[in-house]
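Data first, discussion second: the structure below is written as C-alpha cells.
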C-alpha cells in the first residue's frame, strides 16, 4: 500500500491515490478495535492527511546534498535524486547542466528551485 503512495508521488499517477482512498475507507472502521494490526494503514493515512513533501535533488552534487538532508530526521519527506536528466515526472524538465538544484514539492507541485538543503528546509517550515 505504501508503495502505491510513493509511486503516486514520483510518477504522478492519480489512480494510485484513488485506490488508497478506497482501501482506507474499508479498513478505517477497524482501526480502533485492532490498532496494532492496522499500524501500516495508519502510517499511510498520516501521509495523505498531513503535510508531506517530495524533495527532488538534481545535478552532479545531488548525492552530497542528499547527505545534508539525511542529517535531520524528517518522516514527512520523500527524498529523490538524479545526477542526470530523467523522464521520471518529478525530474522531467528540471535538470540544469553544471548546477545542483533542489525542488520542494507537495502533491506533485514544485516550488522554485533552491541550491542548499537549509533553503529547502526553510521553504518547508
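The values are calculated or read from the model by the stated rules, or taken from the named source; none is laboratory data. Values in this document were obtained by computation on a predicted structure and should not be read as measured data. Reconstructed Cβ throughout: ideal geometry from the backbone, glycine too, with neighbour counts over all protein chains shown.
In a loop (DSSP other than H, G, I, E, B) and surrounded by 11 or more Cβ atoms within 10 Å (Cβ to Cβ): does that describe residue 94? Working first, answer last.
On the way: in a loop (DSSP other than H, G, I, E, B): yes; surrounded by 11 or more Cβ atoms within 10 Å (Cβ to Cβ): yes.
For residue 94, the condition - in a loop (DSSP other than H, G, I, E, B) and surrounded by 11 or more Cβ atoms within 10 Å (Cβ to Cβ) - is met.
Of all residues in the range 25-41, those being in a helix (DSSP H, G or I), under 27 Å from residue 74 (Cβ atoms) and without any contact (Cβ under 8 Å) to a residue 24 or more places away in the chain number 6. Under the condition of being touching a strand residue (DSSP E or B) at 6+ places or on another chain (Cβ under 7 Å) and either farther than 19 Å from residue 14 by Cβ or without any contact (Cβ under 8 Å) to a residue 12 or more places away in the chain (or both), the residues counted in the range 76-85 number 5. Contact annotation: residue pairs with Cβ atoms under 7 Å, 6 or more positions apart or on different chains, pairing a residue in the range 99-121 that is free of Cβ contacts under 8 Å to residues at least 24 places away in the same chain with a partner that is surrounded by 14 or more Cβ atoms within 10 Å (Cβ to Cβ) and outside any strand (DSSP E or B), are 111/123; 114/120; 114/123; 115/100.
Being farther than 27 Å from residue 99 by Cα, touching a helix residue (DSSP H, G or I) at 6+ places or on another chain (Cβ under 7 Å) and touching a residue at least 24 places away in the same chain (Cβ under 8 Å) is true of residue 44. For the range 8-35, taking the residues that are surrounded by fewer than 14 Cβ atoms within 10 Å (Cβ to Cβ) and at pLDDT below 80, the one that is nearest to residue 45 (Cα to Cα) is identified as 14. With respect to residue 88, determine if the residue is in contact (Cβ under 8 Å) with a residue 60 or more places away in the chain, under 16 Å from the mean Cα position of the chain (by Cα) and crowded, with 18+ Cβ neighbours inside 10 Å. Judged against the criteria, residue 88 is not a match.
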